[in-house]
1. For the list (1) buried (at least 16 other Cβ atoms within 10 Å of the Cβ); (2) free of Cβ contacts under 8 Å to residues at least 40 places away in the same chain; (3) closer than 29 Å to residue 130 by Cα, I need the number of the one condition that residue 37 fails.
2. Within the bounds of region 9-28, is there any residue that is in contact (Cβ under 8 Å) with a residue 40 or more places away in the chain, over 29 Å from residue 112 (Cβ atoms) and in a loop (DSSP other than H, G, I, E, B)?
3. Filter region 251-280 down to the residues that are outside any loop (DSSP other than H, G, I, E, B) and in contact (Cβ under 8 Å) with a residue 24 or more places away in the chain and list them by number.
4. May I ask you to list the residues in region 131-162 that are loosely packed, with under 15 Cβ neighbours inside 10 Å, closer than 30 Å to residue 62 by Cβ and touching a strand residue (DSSP E or B) at 6+ places or on another chain (Cβ under 8 Å)?
5. Taking residue 269, is it within 30 Å of residue 86 (Cα to Cα) and surrounded by 12 or more Cβ atoms within 10 Å (Cβ to Cβ)?
6. Going through region 191-208 one residue at a time, which ones are under 24 Å from residue 240 (Cα atoms) and within 21 Å of the chain's Cα centre (by Cα)?
7. Can you name the strands (runs of 3 or more DSSP E) wholly within region 85-144 that have at least 1 residues being farther than 24 Å from residue 156 by Cβ and at pLDDT 95 or above?
8. Is it the case, given these coordinates, that residue 57 is surrounded by fewer than 20 Cβ atoms within 10 Å (Cβ to Cβ), in contact (Cβ under 8 Å) with a residue 60 or more places away in the chain and out of contact with any strand residue (DSSP E or B) (no Cβ under 9 Å at 6 or more places or on another chain)?
């Protein structure tokens with residue numbers, strides 16, 4: 001049976017923190033999730049001006065994991081569990097919000113270069129109220145795949161398994177080529193997948209894509225052909241399709257509007273534990289839900 005043709009989806013521009021520009025791939029009106037991956041921001045590559053950097057003030061999360069893949073630059077994570085961790089290139093920070101956590105993110109050095117991908121993973125209902133935790137992963141499995149340097153961010157591939165602790169069947173791979181490269185990635189037919197360009201251009205399943213756009217692949221494929229003529233970098237994400245409806249609002253993932261409203265009320269009333277001191281950014285104010293009717297989906 002021939003595979004279903006991929007969907008081409010354009011990312012949109014957004015701002016995080018004080019004034020850091022990013023492109024947001026997920027959620028999108030065409031596709032809200034890919035597996036349990038429910039959020040993807042691509043930051044950079046950017047060279048900050050002297051005295052400028054990324055500074056995201058204290059804000060809460062529930063019902064999700066934040067997954068930071070650092071490509072260039074250094075960022076300081078501080079959270080309400082008391083953690084303070086610098087994430088460096090080639091590392092992942094994974095924060096599990098569960099029933100609730102708050103954190104800040106700051107450039108370690110202003111005026112530096114930065115390139116990163118910020119993802120969220122929706123926790124399954126059985127785990128969405130778990131105790132919060134945080135872990136830094138300084139070393140991840142790598143492999144040479146047809147001239148691409150493949151870093152395994154989550155799940156299993158190339159006979160290896162990533163150490164990142166996730167709660168759903170997932171895959172995350174970063175692929176980098178310094179010159180022309182051609183590879184075929186074996187896929188699980190029960191997974192859906194996304195391929196997003198970070199630098200350069202590449203042909204994925206015969207479709208040329210560039211930064212700012214990505215391709216969605218429905219379940220049923222057993223392989224993905226990727227080729228580039230020059231230096232390039234892309235993310236391949238996958239997972240079993242979600243069979244649970246979720247609501248995404250601001251920095252929160254939940255199953256009902258009542259859960260979102262309760263978390264917003266707790267944040268505005270100061271009932272989240274305080275974030276470890278050190279960030280220069282102001283605490284974020286939660287947006288109002290007055291008159292807004294949220295819709296659950298997948």
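1. Evaluating residue 37 over (1) buried (at least 16 other Cβ atoms within 10 Å of the Cβ); (2) free of Cβ contacts under 8 Å to residues at least 40 places away in the same chain; (3) closer than 29 Å to residue 130 by Cα leaves (2) as the failure.
2. So far as region 9-28 goes, yes, one or more of its residues are in contact (Cβ under 8 Å) with a residue 40 or more places away in the chain, over 29 Å from residue 112 (Cβ atoms) and in a loop (DSSP other than H, G, I, E, B).
3. First pass over region 251-280, keeping only residues outside any loop (DSSP other than H, G, I, E, B): 252-254, 257-268.
Within region 251-280, 252, 253, 254, 257, 259, 260, 261, 263, 264, 266, 267 qualify.
4. 135, 156, 161
5. On the way: within 30 Å of residue 86 (Cα to Cα): yes; surrounded by 12 or more Cβ atoms within 10 Å (Cβ to Cβ): no.
Here the answer is no, as residue 269 does not meet what is asked.
6. 191, 192, 193, 194, 195, 196, 197, 198, 204
7. Values: elements: 92-96, 101-107, 113-122, 133-137.
Strands (runs of 3 or more DSSP E) meeting the threshold: 101-107, 113-122.
8. Working: surrounded by fewer than 20 Cβ atoms within 10 Å (Cβ to Cβ): yes; in contact (Cβ under 8 Å) with a residue 60 or more places away in the chain: yes; out of contact with any strand residue (DSSP E or B) (no Cβ under 9 Å at 6 or more places or on another chain): no.
No, not satisfied.
The values are calculated or read from the model by the stated rules, or taken from the named source; none is laboratory data. Quick caveat, the model's predicted, so the values are computed rather than measured. Neighbour counts are summed over all protein chains in view; Cβ atoms, including those assigned to glycine, are modelled from backbone coordinates with ideal geometry.
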